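The values are calculated or read from the model by the stated rules, or taken from the named source; none is laboratory data. Remember, it's a predicted structure, so these values are computed and weren't measured experimentally. Virtual Cβ from ideal backbone geometry, glycine too; neighbours counted across all protein chains shown.
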Amino acid sequence: MKRDQPASHVGPFSAEDEDDNTMHLRKDYRWQIRDVGTEPLLIDLVWNDRLRGVAETLLGEGMLQPPVVGGRPMGSEGAAWPGGPVDPAVNEGIRGIYCTLPHGDAPRQSIGDHTDGHPFNLGIVGLIDEVLPEGGGFRIWPGSHKRLYPTFQMQYDQPRIPYYAHLPSYKGIIHSPAYLAELADIMADTKPVDCWGQTGDVVLWHHRLVHAAPPNYTQQMRQAVLNDFSRTDLDRCRLDPPQANMWRDWSDRTQQVSVAYSEAFAVAQRLPTATGESAGMQDQRG
Ligand SMILES: [Fe+2]
């Protein structure tokens, strides 16, 4: 792979370019650069007045857990269990730069829709290069957070089965039957929305939202910075069961705001409009 030769960016990674280092993972079409997550440059990209201001408006002024410059990045302790994923909660900084290589002519494959199983409050995906439609941006299932939130045992965590080498059949995150049933319904009745845009555009998403990193069918690599914002009281709130008011731990302002949005906002954000049509797009992507 050569920086100035876009044709060399088409995935999957060749065997010689693959890397299973959890701090710098390169496999198939995914490139997850985590060792930069506590570098000042990357922290400034997320922990700046504008973006922090948005997160504080949503979660509460003075309520954000700050990142630690020079701290331990995500992936420092390897996978959560052998062969498993890295736990994003073991992290003192930004999650890192997550890239999806172009798929080229490879057949379209199913993608990993999921909710995150680790505790935090508000996620962001920030584009650090232009991402075109079908460019691998960020796929979400609108409204899924409100339907799934009540199906968890705890507001922010999920119970896990420990990994034992001699008992390999069960390991990892446990999903409740209610969660699995609701997720199946969401997959059947909710059309996902692909978020894409210009350099600097940011997707803000609720902790319990179903999401995926979709395939990239453009000619350029998808490059995004991911971060999880957590409140300073997360440790105290995390074991509470789902609340009647699912916005209890959000700012007063968030709890008081109207959920409606204007036609102009819908057009600007490429959201479905009041008439049911997606503004400015043919296929309801936005
Ligand atoms: Fe995720």
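The residue pairs whose first member lies in the stretch 82-105 and is within 14 Å of the ligand (Cβ to nearest atom), whose second member is of a type in the set (S, T, N, Q) and in a loop (DSSP other than H, G, I, E, B), and whose beta carbons are closer than 7 Å, counting only pairs six or more residues apart or on different chains, are 86/22.
Looking at 147, 139, 108, 208 in this structure, which one is touching a residue at least 40 places away in the same chain (Cβ under 8 Å), out of contact with any strand residue (DSSP E or B) (no Cβ under 8 Å at 6 or more places or on another chain) and under 25 Å from residue 254 (Cβ atoms)?
Values: 147 fails: touching a residue at least 40 places away in the same chain (Cβ under 8 Å); 139 fails: out of contact with any strand residue (DSSP E or B) (no Cβ under 8 Å at 6 or more places or on another chain); 108 fails: under 25 Å from residue 254 (Cβ atoms).
Just a single option satisfies the conditions, and that option is 208.
Inspect the stretch 231-248 for any residue being within 24 Å of residue 80 (Cα to Cα), part of a strand (DSSP E or B) and either among the aromatic types (Phe, Trp, Tyr) or in contact with a strand residue (DSSP E or B) (Cβ under 6 Å, 6 or more places away or on another chain) (or both) and give the result as yes or no. Among the residues of the stretch 231-248, not one is within 24 Å of residue 80 (Cα to Cα), part of a strand (DSSP E or B) and either among the aromatic types (Phe, Trp, Tyr) or in contact with a strand residue (DSSP E or B) (Cβ under 6 Å, 6 or more places away or on another chain) (or both), which makes the answer no. Under the condition of being part of a loop (DSSP other than H, G, I, E, B) and either in contact with a Gly (Cβ under 7 Å, 6 or more places away or on another chain) or of a type in the set (Phe, Trp, Tyr) (or both), the residues counted in the stretch 143-170 number 6. The one condition from (1) assigned by TED's automatic domain parsing to the domain that holds residue 138; (2) surrounded by fewer than 19 Cβ atoms within 10 Å (Cβ to Cβ) that residue 208 does not meet is (2).
Among the residues making up the stretch 178-229, those that are more than 16 Å from the ligand (Cβ to nearest atom) and assigned to a loop (DSSP other than H, G, I, E, B) are 190, 191, 196, 198, 199, 200, 201, 217, 218, 219, 220, 221. Hey, could you check the stretch 79-134 for residues that are part of a loop (DSSP other than H, G, I, E, B) and of a type in the set (Ser, Thr, Tyr) and say which is surrounded by the most Cβ atoms within 10 Å (Cβ to Cβ)? Result: 115.
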